[in-house]
Amino acid sequence: MTLSIVAAVAALCAILADPAISVTSHPLLLVVSFDGFHPDYVRPDVTPHLARFRLASASPPYMRNVFPTKTFVNHFTVATGLYPETHGVLDNYMFDRHNRSMHYTYEQFHYNENVVPIWTQNENSGGGRHSGVMMWPGSEFPYQGKTSTHVAVYNYSTPWSSRVDTVISWIKDDKKPANLVFAYFEEPDNTGHVFGVGSHEIKNQIVRVDTTVKYIVERIKEENLENKINLILLSDHGMDTVTYDRIIYLDNYISNKTCKVEVTGPNAFINPNPGKYDEVYSNLKNASKTHGTFDVFKKEQLLDRWHMKNTDRLNGLLYVLAKPGYAFWDEYFKDLLKHTTKEKFKAGTHGYDNEEPPMRAFFMASGPLFKRNFTAQPFDNVDIYPLISHVMDLKQLASNAVRPNGTVAAVEQLLAERPGSRAGGPCAKGSLSVVACVASAAMTLRTASRYL
């Protein structure tokens with residue numbers, strides 16, 4: 001071993017041994033969501049960095065999301081560990097308490113003031129814990145009067161690389177380093193809605209996601225965080241394609257003289273006018289039987305496994321769900337049709353039953369706390385909150401807080417064994433084994449690419 005190599009190894013040992021490089025004394029976790037990214041999008045020829053990341057991570061073939069398979073619904077489930085009927089976010093667009101349209105409002109995310117997102121609970125656990133939330137749906141609102149230490153409100157025009165750099169700066173903050181960070185990226189969902197699954201345009205966005213994962217890993221390495229940080233990549237749902245001949249016009253069966261309608265894609269809330277409930281239900285039920293392209297539900301008829309019906313937000317409403325491959329005509333589809341023909345019309349949509357394979361989400365976890373090259377059994381995204389709470393050593397929720405519906409039992413399979421009593425390893429200060437330190441340093445050099 002030459003003198004220069006010895007010096008390099010010695011320098012690396014000093015870095016490994018120095019507790020000052022620990023940006024936080026707590027476990028460090030970064031959770032990144034790519035909206036609408038289906039697990040089948042991961043292919044070595046299209047997404048080589050994601051494919052390698054999966055090999056180095058603990059990952060199931062897919063992750064079960066909640067119904068309806070929508071963005072706000074599932075991101076808030078990940079953040080709270082709760083089913084929609086408990087946290088109250090039932091769709092991206094829904095009726096408020098005055099039966100008006102509601103989209104991304106404080107009220108929408110505050111059905112129950114005792115719901116505590118994980119980023120709030122992290123800071124409630126004290127000990128110098130700080131959270132960062134980068135454009136995650138619902139994250140800029142205060143919960144129980146508190147907002148996270150670091151917050152970035154959604155802005156589509158912010159370059160993805162800038163978002164990553166900001167996240168890293170929160171983790172490296174001198175005064176309030178974040179130990180838990182959530183980051184949201186809106187693709188390939190946005191493009192998929194316009195051009196549909198399998199389009200050249202959505203493929204470009206899938207490649208963009210892969211490039212961004214590569215950049216995240218590079219930034220982690222640049223900051224010497226690869227042996228400290230735990231990185232979770234996930235999505236909220238998949239997507240399906242709808243053609244014009246599979247568009248359903250609800251106006252053929254109901255009118256604004258008998259009800260108000262809030263519709264997005266395959267999902268619709270129907271609010272019958274006073275005295276019109278039975279008439280509206282009968283008309284929709286007859287149409288559903290005749291055409292077989294959608295189902296209509298009274299609140300009590302919603303499937304138990306959807307965990308959606310036990311909420312006051314559905315009182316007096318009917319719920320309509322299109323069959324897979326169908327969707328309801330709305331203003332969004334109307335705008336898309338202005339730029340194409342009925343024959344060429346193709347749009348991506350989601351919101352279908354969460355048991356439909358095209359709606360599945362993906363999950364990958366890598367870092368010191370997780371197993372490597374481990375294929376896990378599928379689990380539910382309500383279990384992510386208990387997983388994070390467990391690995392981050394967060395304190396118990398307050399007695400008045402809503403307990404998560406998920407459990408850690410199904411996700412314990414992802415976890416690596418906790419380190420033993422030799423805190424800090426052979427390179428910790430006070431270690432007597434220089435040989436062990438050199439060996440550890442060499443191993444660190446060889447495994448620096450653990451994320452790819």
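Here are some notes:
- Straightening the chain between Glu113 and Ala51 buys 18.3 nm, computed as 0.36 nm per residue apart minus the Cα-Cα spacing.
- Volume of the Cα convex hull of the range 366-421, divided per residue and given in Å³: 93 Å³
- Cβ charges +1 (Lys, Arg) and -1 (Asp, Glu), total dipole of the chain, debye: 620 debye
- For Met94, residues with placed amide H under 5 Å, excluding near neighbours: Met102
- Per residue, the average separation of C-alpha pairs within less than 8 Å and at least 6 apart gives the range 301-395 a relative contact order of 15 percent.
- Here the Karplus curve 6.51 cos²θ - 1.76 cosθ + 1.60, taken at θ = phi - 60°, turns the phi angles of the range 285-298 into couplings of 5, 5, 5, 5, 5, 5, 9, x, 9, 7, 10, 10, 10, 6 Hz, with x standing for Gly and Pro.
- Compared with the dominant Cα axis of the chain, that is its longest principal axis, helix 200-222 is turned about 30°.
- For the range 133-191, trypsin sites (Lys or Arg not before Pro) are listed when DSSP marks them as loop and at most 10 other Cβ atoms sit within 10 Å of their Cβ; the list is Lys175.
- The lysines whose alpha-carbon is closer than 24 Å to the alpha-carbon of Lys346, local same-chain residues fewer than 8 away aside, are Lys70, Lys203, Lys323, Lys334, Lys338.
- Range in the chain, longest, excluding exposed chymotrypsin sites (Phe, Trp or Tyr not before Pro) [loop by DSSP; at most 12 other beta-carbon atoms within 10 Å]: 250-452
- R0 of 22 Å, Cβ-Cβ distance Glu201-Asp251: FRET efficiency to nearest 0.05: 0.15
- Accessible area per residue, Å², the range 277-349 with all protein chains present, probe 1.4 Å: 53 Å²
- Mean separation of Cα contacts under 8 Å (6+ apart) over length of the chain, as relative contact order %: 29 percent
- In units of the compact-protein estimate 2.2 N^0.38 Å, the chain shows a Cα radius of gyration of 1.07.
- Other-chain or far-sequence residues with amide H under 5 Å of Ala183's (modelled H): Val31, Val32, Ser33, Met134
- Placed amide H near Phe328: partners under 5 Å, 5+ positions off or other chain: Ile248, Gly265, Asn267
- On Cα atoms only, tilt of 434-446 relative to the major axis of the chain in degrees: 40 degrees
- With every protein chain in place, the chain: carbon and sulfur % of accessible area (1.4 Å): 52 percent
- Phi to ³J(HN,Hα) by Karplus 6.51 cos²θ - 1.76 cosθ + 1.60 over the range 36-48, Hz, x for Gly, Pro: x, 8, 7, x, 6, 6, 7, 9, x, 7, 10, 10, x
- A simple rule links phi to the HN-Hα coupling: the Karplus curve 6.51 cos²θ - 1.76 cosθ + 1.60 with θ = phi - 60°, which for the range 70-86 gives 10, 5, 4, 4, 6, 5, 6, 5, 4, 6, 10, x, 10, 6, x, 5, 8 Hz, with x for Gly and Pro.
- Of all DSSP-defined beta bridges confined to the chain, some 55% are antiparallel rather than parallel.
The values are calculated or read from the model by the stated rules, or taken from the named source; none is laboratory data. Model, not experiment: these values are computed from the prediction. Neighbour counts are summed over all protein chains in view; Cβ atoms, including those assigned to glycine, are modelled from backbone coordinates with ideal geometry. Surface accessibility is based on the protein's heavy atoms, side chains included, excluding ligands, DNA and RNA. Shrake-Rupley method; radii C 1.70, N 1.55, O 1.52, S 1.80 Å.
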